[in-house]
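First the structure, in the form of structure tokens, and then the observations on it.
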Amino acid sequence: MQGYKMPNEFLWGGAVAAHQLEGAWNEDGKGMSVADVMTVGSAEKPREITDGVLPGKNYPNHSAIDFYHHYKEDIKLFAEMGFKAFRTSIAWTRIFPNGDELEPNEKGLEFYDKLFDECHKYGIEPVVTLSHFEIPFHIVKEYGGFTNRKTIDFFVRFAKVCFDRYKDKVKYWMTFNEIDNQSSFDNDFLMATNSGILFTPGMTDREKEAAMYQAAHYEFVASALAVKEGRKINPNFQIGCMINYSPVRPLTPSSDDVLLADKFEQRRDFFSDVQVNGEYPKEVEAYIERNGFRPDITEEDKIVLKEGTVDYVGFSYYQSTTVSSEKVKPDELSELSEAIAKNPTLERSAWGWEIDPEGLRISLNHLTDRYHKPLFIVENGLGAYDKVEDDGSVHDEYRIDYLRSHIAQMEKAVALDGVDLMGYLPWGPIDLVSAGTGQMDKRYGFIYVNKNDAGEGDLSRSKKDSFYWYKKVIASNGEDL
Ligand code: P53
């Protein structure tokens, strides 16, 4: 398929997160993170979050794909595909094992020195997320995660240490991964991963929602303070926010459905609104007030938010969202997922995620209109079951189809709609542990890793058909799809 050429400096590559591929969960002084207490689940069964690491449970992130010891081999494969950029995160617990120490763990810092050096060896630009679902479990247990103002200081200390150490190796940063996921505040997994919150049994929805607005506020302040510190350390840093973007549409043309879609969007975009504009949007301010949530927001916080706005908007795109006022009336919207209806025009993945390539072009246009900032697609992709043939090959044409159709829409947004896009980093260029289900068999990779949900396999790496296809896309700078 014929595509449009992207600008010369366009960052083609891929994206991962430390806890989903590194393994080595307790090596070289690493502490226990919230990801280390999550068991394996499936499309039907949610992951269990246990109280510490318990015997007899399967915790897939503990060993993952052992990138900690395989990173040289893996980066070499990324280089072979022609990657210009590689997004990963720094595991907070490698640097501050408990989170509240004053001094960092040197061994942890050394690992990322080696990793970033390895990237630069091939001219690959690291793109780094500071907090990607990896908050230290000690902060969760002892401080209540981000419901506690003290956690701001722990995060900012961590951010400063990373900025200082890697100031000449990393230019592109993001503060909190998919900070807006917590808008689904009754989802235990998303609250634990976003904000380090474990709800006590019997907590009401109102209490959960109040906790979410408090935690989100402290994350905004932590993010803004980090941005300010980062600029002092290296004025050339580009520091972005990171949201899980999903354009919202009404199921029918009724005014109630349209208003509901608008309310949904306002409540969901609130997170990036604050990080880009440095202030709360009117609708959410009114909503918080009307519901009496009373988060602790000081005058000093407001100044910090204004001073620490982000340089770009990083986002993941997997699917669009369709809402119906048959599910919830616009004025009664609180937990967002309650409003979601199935879109009858779209196909779904084996995990029920709706496939909507045009939604990516719509997203790029919406975000440009809303924020007037450079955008960066830092996740996109299809989780699928792969079949390994007798000769070891994987014919993943479904993955190629998904990515091709999305890239084609992305290219239209750049070439026809004038969107300022920094790059495209599809999720999981190498198979890794799924965040949502903990599975290995929910695969995104161009590179197959021999390991399954039960943890069996020799971890050997091999190239899928999509590997050769993506290599060609990058070599042609997007023209040859
Ligand atoms: P998995 C929920 C909804 C959308 C994206 O997801 C999400 C999640 C959390 O599962 O996560 C992002 O692995 C996230 C990655 C994650 C990826 O999407 O559940 O930033 O860590 O792996 C894909 O299929």
### Summary
Filtering the stretch 104-127 down to residues that are surrounded by fewer than 24 Cβ atoms within 10 Å (Cβ to Cβ) and either within 16 Å of the ligand (Cβ to nearest atom) or in a strand (DSSP E or B) (or both) yields 125, 126
### Task
For residue 188, work out the one condition from (1) within 16 Å of the ligand (Cβ to nearest atom); (2) over 30 Å from residue 52 (Cα atoms) it doesn't fulfil.
(2)
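Please determine, by comparing only the residues of the stretch 193-203 that are under 14 Å from the mean Cα position of the chain (by Cα) and not β-branched (Val, Ile, Thr), which one is farthest from the ligand (Cβ to nearest atom).
Keep residues of the stretch 193-203 that are under 14 Å from the mean Cα position of the chain (by Cα), which gives 193-195.
Now restrict to residues that are not β-branched (Val, Ile, Thr): 194-195.
On the way: 194: 9, 195: 14 Å.
The qualifying residue farthest from the ligand (Cβ to nearest atom) is 195.
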### Query
When both residues are 6+ apart or on different chains and their Cβ atoms are under 9 Å apart, which pairs have a first residue that lies in the stretch 362-385 and is closer than 12 Å to residue 319 by Cβ and polar (S, T, N, Q), and a second that is part of a strand (DSSP E or B) and more than 12 Å from the ligand (Cβ to nearest atom)?
363/375; 363/377; 380/424
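Can you find even one residue in the stretch 303-311 that is in contact with a Gly (Cβ under 8 Å, 6 or more places away or on another chain), over 21 Å from residue 443 (Cα atoms) and aliphatic (A, V, I, L, M)?
Start the filter on the stretch 303-311 by keeping residues that are in contact with a Gly (Cβ under 8 Å, 6 or more places away or on another chain), which leaves 305-311.
Filter once more, so that each one left must be over 21 Å from residue 443 (Cα atoms): 305-311.
This time we only want the ones that are aliphatic (A, V, I, L, M), so: 305, 310.
Within the stretch 303-311 (the criterion being in contact with a Gly (Cβ under 8 Å, 6 or more places away or on another chain), over 21 Å from residue 443 (Cα atoms) and aliphatic (A, V, I, L, M)), the answer is yes, since at least one residue qualifies.
Examine the stretch 442-451 for a residue that is more than 16 Å from the ligand (Cβ to nearest atom), under 24 Å from residue 20 (Cβ atoms), over 22 Å from the mean Cα position of the chain (by Cα) and in a loop (DSSP other than H, G, I, E, B), and state whether such a residue exists. Before you say what the answer is, go through the steps one by one.
Of the residues in the stretch 442-451, the ones more than 16 Å from the ligand (Cβ to nearest atom) are 448, 450.
Filter once more, keeping what is under 24 Å from residue 20 (Cβ atoms): 448, 450.
From what's left, over 22 Å from the mean Cα position of the chain (by Cα): 450.
From the residues that got through so far, the ones that are in a loop (DSSP other than H, G, I, E, B) too are 450.
Scanning the stretch 442-451, I find at least one residue that is more than 16 Å from the ligand (Cβ to nearest atom), under 24 Å from residue 20 (Cβ atoms), over 22 Å from the mean Cα position of the chain (by Cα) and in a loop (DSSP other than H, G, I, E, B), so the answer is yes.
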### Condition met for residue 265 (under 22 Å from residue 191 (Cβ atoms) and surrounded by fewer than 21 Cβ atoms within 10 Å (Cβ to Cβ))
yes
## Note on the structure
For the stretch 167-179, pairs from a residue that is on the phi > 0 side of the Ramachandran plot and aliphatic (A, V, I, L, M) to a residue that is in a loop (DSSP other than H, G, I, E, B) and within 11 Å of the ligand (Cβ to nearest atom), with Cβ under 6 Å and 6 or more apart or across chains, are none
### Message
Considering only the stretch 458-472, I want to know if a residue exists there that is buried (at least 22 other Cβ atoms within 10 Å of the Cβ), at pLDDT 95 or above, assigned to a loop (DSSP other than H, G, I, E, B) and not polar (S, T, N, Q).
### Response
yes
### Query
Pick from 481, 421, 432: which is buried (at least 17 other Cβ atoms within 10 Å of the Cβ), within 16 Å of the ligand (Cβ to nearest atom) and modelled with pLDDT of 95 or more?
432
### Summary
When the stretch 353-377 is checked residue by residue, the ones that are within 16 Å of the ligand (Cβ to nearest atom) and surrounded by 20 or more Cβ atoms within 10 Å (Cβ to Cβ) are 356, 359, 360, 363, 376, 377
### Query
Can you name the condition, by its number, that residue 350 falls short on among (1) surrounded by fewer than 17 Cβ atoms within 10 Å (Cβ to Cβ); (2) assigned to a loop (DSSP other than H, G, I, E, B); (3) away from the ligand (no atom under 16 Å from the Cβ)?
(3)
### Query
Among (1) surrounded by 15 or more Cβ atoms within 10 Å (Cβ to Cβ); (2) under 29 Å from residue 14 (Cβ atoms); (3) among the hydrophobic types (A, V, I, L, M, F, W, C); (4) touching a Phe, Trp or Tyr at 6+ places or on another chain (Cβ under 7 Å), where does residue 284 come up short?
(2)
### Task
Just name the residue that is farthest from the ligand (Cβ to nearest atom) out of those in the stretch 159-181 that are farther than 24 Å from residue 84 by Cβ and surrounded by fewer than 24 Cβ atoms within 10 Å (Cβ to Cβ).
164
### Message
Looking for something within 17 Å of the chain's Cα centre (by Cα) and within 25 Å of residue 277 (Cβ to Cβ) - is there at least one such residue anywhere in the stretch 230-237?
### Response
no
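If a residue must be in a loop (DSSP other than H, G, I, E, B) and buried (at least 22 other Cβ atoms within 10 Å of the Cβ), how many such residues does the stretch 287-317 contain? Give the derivation first.
Residues of the stretch 287-317 in a loop (DSSP other than H, G, I, E, B): 292-298, 308-311, 317.
The next check asks that each one be buried (at least 22 other Cβ atoms within 10 Å of the Cβ); those that pass are 308, 310, 317.
Count: 3.
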### Query
Out of all the residues in the stretch 23-37, which are within 13 Å of the ligand (Cβ to nearest atom) and either part of a loop (DSSP other than H, G, I, E, B) or at pLDDT below 95 (or both)?
none
### Residue list for the stretch 83-103, restricted to those being part of a loop (DSSP other than H, G, I, E, B) and under 23 Å from the mean Cα position of the chain (by Cα)
83, 84, 90, 91, 96, 97, 98, 99
### Task
Mind listing just one residue for me: the one in the stretch 378-418 that is in a helix (DSSP H, G or I) and among the β-branched types (Val, Ile, Thr) and, of those, farthest from the ligand (Cβ to nearest atom)?
414
### Message
The conditions are (1) closer than 24 Å to residue 437 by Cα; (2) buried (at least 17 other Cβ atoms within 10 Å of the Cβ); (3) in contact (Cβ under 8 Å) with a residue 40 or more places away in the chain, and residue 340 fails exactly one of them. Which is it?
### Response
(3)
### Query
Which residue, of 129, 147, 88, is within 26 Å of residue 437 (Cα to Cα), polar (S, T, N, Q) and out of contact with any helix residue (DSSP H, G or I) (no Cβ under 8 Å at 6 or more places or on another chain)?
129
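The values are calculated or read from the model by the stated rules, or taken from the named source; none is laboratory data. In this text, all values refer to a predicted model and were calculated from it rather than measured experimentally. Note that we place each Cβ from the backbone using ideal geometry, even for glycine, and neighbour counts take in every protein chain shown.
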